[in-house]
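For reference, the structure is listed below as structure tokens.
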């Protein structure tokens, strides 16, 4: 009996040591044995993938609707109160660009312009982007950014157009945050001051 207990204790000691060593072993992707994995790795819901009926949410949805009046993150750095109307467009001229015109902000505006704007307005603001030259959309009513029309256009009006769209140009509010729109405006204004200035276009609709 004494021999049996000695062997049993020896076996248990070896088993405990082996388990401890195995549990502590990690090779980046292997964290070893976890006593309660749900305490370390939460089972998050996939809000855009409805996998089962959620009894506690409206209509059984995985993701709840945002609270009434809530504003998306990053969209509150400028409160724009004018509606999408001609009156709002004219009134928007009173809004000044709250983003400081620095070299960094202008360069950031250029990066955004090269992603969202150049395909229509061209790399240099000549309205010669592929969308226009291939005839997919009508050319804007002004010749290019270097016209006195764009040079004298209030920043607030440009912001209004980017936010709500105008003529053939649609709203870019879902692509650019308010601060990003102001940075793009800084770059557009810098483009308007480069190159030869042409005569005013009498067909411009202000």
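A short reminder: the numbers here are calculations on the coordinates, not readings from a lab. No experiment lies behind these values; they were computed from the predicted model shown. Note that each Cβ is placed from the backbone with ideal geometry, even for glycine, and that neighbours are counted across all protein chains shown.
Extension gain for residue 123 to residue 137 (0.36 nm times residue separation, less C-alpha to C-alpha distance): 3.3 nm.
Between residue 55 and residue 100, 0.36 nm times their residue separation minus their Cα-Cα distance comes to what?
On the way: separation 45, 0.36 × 45 = 16.20 nm, distance 4.91 nm.
Roughly 11.3 nm would be gained on extension.
In this calculation the C-beta distance from residue 167 to residue 72 is compared with R0 = 25 Å, giving a FRET efficiency of 0.40. Distance between the modelled labels on residue 151 and residue 8, one decimal in nanometres: 9.9 nm (7 Å Cα→Cβ projection).
Peptides 86-97, 170-181 ranked from most to least packed give 170-181, 86-97, packing being the mean of other C-beta atoms within 10 angstrom over each peptide's residues.
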